[in-house]
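Below: the structure, in structure tokens.
The values are calculated or read from the model by the stated rules, or taken from the named source; none is laboratory data. Note that the coordinates shown come from a computational prediction; the quantities given were computed from them, not determined experimentally. All Cβ positions, glycine included, derive from the backbone under ideal geometry; neighbour counts span all protein chains shown. Surface areas here come from the heavy atoms of the whole protein model, side chains and all, with no ligands, DNA or RNA. Shrake-Rupley method; radii C 1.70, N 1.55, O 1.52, S 1.80 Å.
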Amino acid sequence: MRKLSIAAAVAAGFLAVPAIAQDMSTTDTSAMPTADAAPGEAAAPDGSKAFGIDPYFGVMGGWEGFDRRVGHGVPDTAIGGRKLQGGIVTGVVGANVPLGPVFVGAEGEVTKGFDGAIDWGYGAAGRFGFRAGDSGLFYGKVGYRWVNFDRFGKDSPDYGAVTYGIGFEAGPKDIGLKGITGNAGFRLRGEVSTFGSAKSFRPMLGVVSHF
């Protein structure tokens, strides 16, 4: 039931993003600095610069739970009859490369668990996706992540696996954003990812600062 509630909340966030993107397209930004392409310069469909480099850092909070089934969890999560799960805080740093209406990028992450069985985590991933206007993104990500569990003591090994997920970023220009190809400021990020072959469920929400 808890997973279903979280999944419903995340889905609601994803459904809200197109409305945010619509607001961005109708906001009067005539008095604000923009990242519009210069005359004759290559431009994305919304008129912003088509190419650039967009470094960022951010903090997200969320929850991760690992599969309970014997022989399927990471590690055997049936030990003691308790599921390996808990709240986490993650720091990310990376860079996007806008390519017209799409973008590619890479990021690294460090995670600290609290109020649960997870101790630390770290990893790296590539991102790719579509731009929603100049200050929104829809993306997929694939990478590799390691996780260490409190429950197995200070000598617990790091368990590693491929990780993948989907997410969005949104930041309306009416709070001062100049866009992905400019001094973009803060942007809301929502993401759902998993560890290994769907061995975990990890919904996250936070903010990233693009500079």
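Worth a mention:
- Dipole magnitude of segment 83-148, debye to nearest 20 (Cβ charges: Lys/Arg +1, Asp/Glu -1, about Cα centre): 160
- For segment 80-150, the solvent-accessible area of protein heavy atoms averages 39 Å² per residue (probe radius 1.4 Å; ligands and nucleic acids excluded).
- Spacing of the two label points (7 Å from each Cα toward its C-beta) at ARG151 and LYS112, in nm: 2.3
- Long-range amide H partners of VAL74 with built H, under 5 Å: ASP67
- For the pair PHE57 and VAL162, a Förster radius of 25 Å applied to the C-beta separation gives a FRET efficiency near 0.55, rounded to the nearest 0.05.
- TRP120, TRP63, TRP146, ranked by accessible area, largest first (probe 1.4 Å): TRP120, TRP146, TRP63
- At an R0 of 25 angstrom, the distance between the Cβ atoms of VAL207 and VAL142 translates into a FRET efficiency of 0.60.
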